[in-house]
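Structure first, then comments.
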Amino acid sequence: MQATKPSIHKVTGINIATPKGFYASGLHCGVKHKKLDLGLIYSLVPANAAGVYTTNQVQAAPLKVTQESIKQEGKLQAVIVNSGNANACTGKKGQEDAKEMQLQTANKLGIPPHLVGVASTGVIGEHLPMDKITEGIQNLKLDSELKGSIDFSQAILTTDTVSKNTTYSFKINDKTITIAGTAKGSGMIHPNMATMLGFVTTDANIHQDDLHEALSYAVERTFNCITVDGDTSTNDMVLMLANGMAENEELNKNHPEWDLFLDALVLVCEDLGKLIAKDGEGASKLIEVNVRGARTEKEARIIAKTVVGSPLVKTAVFGCDANWGRILAAAGYSGVAFNPDQIKILIGDHEVVADGEPVVFSEEELRNYLKGQEIHITVILSEGFGNGRAWGCDLTYDYVQINASYRT
């Protein structure tokens, strides 16, 4: 687990609207049968905005609308999100519906349409019930209290079993800056980004270009290091809004406290990424893979993500089987070169491989360790100083059942 720096504090009363000037809301409008399915984030002032999107060539209409909006001024003031329907692979009408969601939200808030981001998640290939969404948008009420944030975090969920939220604060130039995040994701998770949505708000005053660079840096080391099932969705998106209401001296990558801001942002994204991995469809365990001694940080992350994404590793963890050969094999087919005769592997604190050869260990002790809810695997190479981590979950019978009947 990444240690929190003494100057960065985790905030209780987790709240996407905790940063100054932000509000949130969520309600049930009828896209889903009973659960909340429409959410809104709003900033009192236009905020510098940055986004990272799915690498899938098939991209849902809301992503295109949001990308076009940010390109105009580099700003957003609101984000409207629906769950239960992805508005993906819906052709011209899907694009029109996403634009209509944007326009309806802008009219309600009295702001220009291009300052509204749009996101959707759910079933692919079905048109949005726009009559229900239009009515829902009119019924949304802005709230800076905890309830509004809780409602928003629940309104964006699909097969998730829990909402995912986190908040950190720190000081720069005697100004308190807060970064908050909420996310959804449970299946189709193999981000280079997945059906994963993440929203980050901060009251920091930060240059727009540097905000995008910071978000990309954090996403590469967190959200892009999680995998549940190897599927990359059409709707992945992480959006970050920075409204400057903390009134700090403008942050940029040349600012002496830039690394402090980056560290806090990484903590927010890491918390959310791990919560997504832990809540993988049908999952019973969170798996964290640490790779040390690779040639580069990037190569370490590639190996870690390959290991945690291996179906054979995931099923072995589910079955509490200390089958280290699957870990070694996954590292070997990661595409990263290393000397297998100098590799060391640990499951928890138990060394199972040293110098590429098996080490005698207690099967009973390891089986008991693998019964836990958080499993740590460490792979140590001798190639350099690159370290990286990735997170995933075990593969269970329930995953198959959930996805075998997702539409029905």
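The values are calculated or read from the model by the stated rules, or taken from the named source; none is laboratory data. All of these numbers come straight from a predicted model, not from anything done at the bench. Virtual Cβ from ideal backbone geometry, glycine too; neighbours counted across all protein chains shown.
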field: All positions within the stretch 76-133 that are in contact with a Cys (Cβ under 9 Å, 6 or more places away or on another chain) and at pLDDT 95 or above
entry: Asn82, Pro129, Lys132, Ile133
query: Do you know which residues across the stretch 133-188 are in a helix (DSSP H, G or I) and among the hydrophobic types (A, V, I, L, M, F, W, C)?
result: Ile133, Ile137, Leu146, Ile150, Phe152, Ala155
field: Among (1) within 12 Å of Val291 (Cα to Cα); (2) crowded, with 21+ Cβ neighbours inside 10 Å, the one test that Val352 misses
entry: (1)
query: If Leu265 passes every condition in (1) in the same structural domain as Gly388 (by TED's automatic domain parsing); (2) buried (at least 21 other Cβ atoms within 10 Å of the Cβ) but one, which one does it miss?
result: (1)
message: Quick check on the stretch 150-162. Is at least one of its residues of a type in the set (A, V, I, L, M, F, W, C) and out of contact with any strand residue (DSSP E or B) (no Cβ under 7 Å at 6 or more places or on another chain)?
response: yes
query: Out of (1) out of contact with any Cys (no Cβ under 8 Å at 6 or more places or on another chain); (2) assigned by TED's automatic domain parsing to the domain that holds Ser163, the odd one out for Gly273 is which?
result: (1)
